[in-house]
Amino acid sequence: MALKLSVLDQSVAAEGRGHDLTIRQTLALAERAESWGYHRFWVSEHHSHPSIVGSAPEVLMAAIAARTQRIRLGSAGVMLPHYAAYKVAEQFRVLDALAPGRIDLGVGRAPGSDGRTAQVLNPDRHASERFPQQVMELQAWVNGHNLPANHPGHNVYAYPQSDTAPAVWMLGSSDYGAQLAAHLGLPYAFAYFITDGQGADQALQIYRETFRPSASLQKPAATVCVWALAADTDEEALRLFESRARWKMDRNVGRIGALLPPEDAGRDYSPAEQFALERLRESALIGSPATVGRKLRQLAARLEVDELVLITWTHDPAAQMRSYELLAQEFALTANSLL
């Protein structure tokens with residue numbers, strides 16, 4: 001079976017470009033991703049984050065739904081402890097009405113922000129402890145099922161109702177999400193790009209070995225979200241990677257900001273940072289289409305997944321577009337890939 005490729009775009013801030021342009025670039029990328037044959041287009045949720053300005057995935061998804069016809073659209077994800085599960089169900093039922101049968105509702109437990117921002121979003125510091133219960137409620141409301149008679153939400157339904165429903169996905173970067181996804185019979189997406197791959201094998205093994213079939217999913221379905229960057233040559237990809245590398249180095253010491261241009265990002269590394277940079281370059285999924293394609297195929301084979309979700313940061317939006325276009329060509333994606 002051919003490897004399916006999907007996109008996760010986080011609306012990443014870039015020095016010298018307005019946040020409004022960044023959001024509109026996400027819309028433009030979604031349209032192109034559909035034309036190239038990518039399977040899904042997911043957007044993320046972060047709050048008060050100087051680097052990632054995609055704060056409302058449900059709003060972005062509505063705009064993308066109006067500009068696309070076939071590609072699946074999803075959240076990666078909605079940070080559920082911030083919200084009432086019922087309201088999230090309503091939002092995604094509306095999205096499903098706009099794009100019937102194309103909506104993925106990815107949920108996560110992490111705050112997607114710092115502690116202070118998380119408290120502003122939801123003053124209940126223990127909200128994440130209810131996450132499993134919230135997910136079960138969300139499943140019921142999204143799928144039009146009634147909650148038990150002893151539940152406050154009994155006989156409460158999320159509208160609009162229709163013949164299709166959003167597909168609920170569990171997102172995670174640890175064993176917790178894998179265990180919960182398996183217990184509830186949900187598809188699972190591991191955030192490989194967050195952990196640099198650490199824990200991926202174990203989480204996927206736990207998910208597959210403990211999976212319990214559900215009404216919506218009879219067997220395990222897993223994907224991983226990986227950071228990748230392709231350019232016309234290995235050398236050009238390495239140059240473009242400087243922006244992401246600088247960001248990671250700065251983040252490690254508590255500096256978080258917009259992406260710098262490659263020519264500025266590669267300056268003034270300390271000896272320790274230079275050593276870390278070399279290790280980062282060696283492990284990164286960057287290079288020509290053939291180079292990145294080989295690495296992606298090897299990773300998918302090792303993790304036994306038939307789909308990879310690609311996330312790509314570049315300072316120049318054109319370079320990001322080019323990366324996705326080159327990889328679509330490398331994997332022979334076509335509009336028929338969406339059927």
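When only C-alpha pairs under 8 Å and at least 6 residues apart count, what is the relative contact order of the range 98-165, in percent?
Values: 31 pairs, mean separation 20.2, N = 68.
Taking the mean separation of contacting Cα pairs over the length of the range 98-165, I get 30 percent.
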* Among 190, 144, 258 the positive-end extreme of the charge dipole of the chain (Cβ point charges) -> 144
* **Amide H partners (placed H, <5 Å) of residue 168, local residues excluded** => 105
* To do: Considering only DSSP beta bridges where both residues belong to the chain, give the percentage that are antiparallel (nearest 5).
  => 5 percent
* Asked: Of the residues 37, 266, 172, which exhibits the maximal mean-square fluctuation in a Gaussian network model of the chain defined by a 10 Å Cα contact cut-off?
  -> 266
* To do: Mind checking which of 66, 284, 329 is farthest towards the positive end of the chain's charge dipole, using Cβ charges of +1 (Lys, Arg) and -1 (Asp, Glu) about the Cα centre?
  => 66
* Report the one residue of 111, 180, 6 whose Cα lies farthest in the direction of the positive end of the charge dipole of the chain (charges on C-beta: Lys and Arg +1, Asp and Glu -1; origin at the Cα centre). => 180
* **Label zone at residue 335, where the point sits 7 Å out along the Cα-to-Cβ direction: the range 1-40 residues whose backbone N lies under 12 Å** => 34-37
* **In nm, spacing of pseudo-spin labels at residue 253 and residue 298 (7 Å Cα→C-beta vector)** => 3.2 nm
* Got a sec to turn the phi values of the range 44-60 into Karplus ³J(HN,Hα) couplings, 6.51 cos²θ - 1.76 cosθ + 1.60 with θ = phi - 60°, whole Hz, x for Gly and Pro? -> 10, 10, 9, 10, 6, 10, x, 9, 10, 9, x, 9, 9, x, 5, 6, 4
* Asked: What does a probe at residue 114 reach in the range 221-256, counting residues whose amide N is under 11 Å from the point 7 Å along Cα→Cβ?
  -> 254-256
* **Expected 222 nm ellipticity per residue - DSSP helices of 4 or more, -39500 (n - 2.57), all of the chain, to 500** => -13500 deg cm²/dmol
* Which ³J(HN,Hα) values in Hz, rounded to whole numbers, follow from the phi angles of the range 316-332 under the Karplus curve 6.51 cos²θ - 1.76 cosθ + 1.60, where θ = phi - 60° and Gly and Pro get x? -> 8, x, 5, 5, 5, 4, 4, 4, 5, 5, 5, 6, 4, 5, 4, 9, 6
* To do: Set the Förster distance to 41 Å, then compute FRET efficiency between residue 175 and residue 56 from the Cβ-Cβ distance, nearest 0.05.
  => 0.90
* Between the range 212-261 and the range 69-132, the Cα center-to-center distance that results, in Å -> 21 Å
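About its Cα centre, how strong a charge dipole does the range 198-339 have in debye, to the nearest 20, once Lys and Arg get +1 and Asp and Glu get -1 at the Cβ? Provide the component values of the computation, followed by the final result.
On the way: 17 positive and 20 negative charges, 110 e Å.
So the magnitude is around 520 debye.
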* Cα centre as origin, Lys/Arg/Asp/Glu Cβ charges: the range 51-136 dipole, Debye -> 180 debye
* Local charge sum around residue 232 (other residues, Cβ-Cβ under 14 Å, Lys/Arg +1, Asp/Glu -1)? -> -4
* Structure fact -> Candidates for Cα extents along the principal axes in Å are (i) 63, 45, 39; (ii) 67, 45, 38; (iii) 56, 43, 37, and the calculated one carries label (i)
* Which net charge results when you count Lys and Arg as +1 and Asp and Glu as -1 among the other residues whose beta-carbon is under 11 Å from that of residue 241? -> +1
* Tell me, what ³J(HN,Hα) does each residue in the range 214-223 have, in order and in whole Hz, if you take phi through Karplus 6.51 cos²θ - 1.76 cosθ + 1.60 with θ = phi - 60° and put x for Gly and Pro? -> 10, 4, 9, 8, 8, 9, x, 9, 10, 9
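Rule-based calculations on the coordinates, nothing more; no lab input. Keep in mind the model is a prediction, meaning the values are calculated, not measured. Note: ideal-geometry Cβ built from the backbone for every residue, glycine included; neighbour counts use all protein chains shown.
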